[in-house]
1. Hey, what did the stretch 140-192 get for relative contact order, percent, Cα under 8 Å, at least 6 apart?
2. Counting other beta carbons within 10 Å of each residue's own, what order do 90, 60 fall into, fewest first?
3. If you average 1/r over every pair of different alpha-carbon atoms in the chain and take one over that average, what Kirkwood value in Å do you get?
4. Can you give me the Rg/Rh ratio for the stretch 2-115, using Cα atoms for both radii and the Kirkwood formula for Rh?
5. Please state the Cα pair-distance histogram of the stretch 58-173 with 10 angstrom bins from zero: what percent is in each bin?
6. Using the Kirkwood radius built from alpha carbon pairs, what does the Stokes-Einstein equation give as D for the stretch 135-198 at 4 °C and 1.567 mPa s, in µm² per second?
7. Once you sort the root eigenvalues of the Cα gyration tensor of the stretch 4-68 as a ≥ b ≥ c, which label holds: rounded (a/c under 1.5), prolate (a/b larger than b/c) or oblate (the other case)?
8. May I ask you to derive the relative contact order of the chain, considering only C-alpha pairs under 8 Å and at least 6 residues apart, and to give it as an integer percent?
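Please treat every number below as a calculation from the coordinates, not as lab data. This is a predicted model, so every value here is computed, not measured. All Cβ positions, glycine included, derive from the backbone under ideal geometry; neighbour counts span all protein chains shown.
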């Protein structure tokens, strides 16, 4: 199958051929319809971020998030709704810039109706990061309360604003260092926090 391959320091990806993966226990094989590009992908290409699952020579199949069609399930994958063969899923997984990817079935989520492949592929890493920060690390839950999202105009920040609001946060304050990006905070449902720069 075709895949975009990188090598730390090469500064470009190259189209190459690799074997189609086979799903193991607890895994889904997904036919990739769209893959998201995030900052970690670019850092891995430049050698500034460890590429997951790199070969012995340092080369790797790029990509960390995708949306696609589940085509096969490995042993032990139960019939969870939206996560079986034929279902539309999105997930974070290494080697997403390929025609097929093996995904941990527990990390595959059903693509919400109304989302395109491209929109769904842009969500996994940002959604996992925002959920980890708000729910797993901070313990934010149904009791509500105020939330401050730093870097609210970034991909993770945009998802964090929406997730905090969906979890009942009020107010959801958000920051950005760019006045031009303040509207993105409001569009996502955040209240731009006023911040004056101090000389010092």
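1. Details: 94 pairs, mean separation 20.9, N = 53.
Computed over the stretch 140-192, the figure is 39 percent.
2. On the way: 90 28, 60 24.
With the fewest neighbours first, 90, 60 line up as 60, 90.
3. On the way: mean 1/r = 0.0546 Å⁻¹.
It works out to 18.3 Å.
4. 0.99
5. 13, 37, 32, 15, 2
6. On the way: Rh = 11.7 Å.
In µm²/s, the coefficient rounds to 111.
7. Details: a/c = 1.86, a/b = 1.52, b/c = 1.22.
Verdict is prolate for the stretch 4-68.
8. On the way: 439 pairs, mean separation 34.9, N = 200.
The value is 17 percent.
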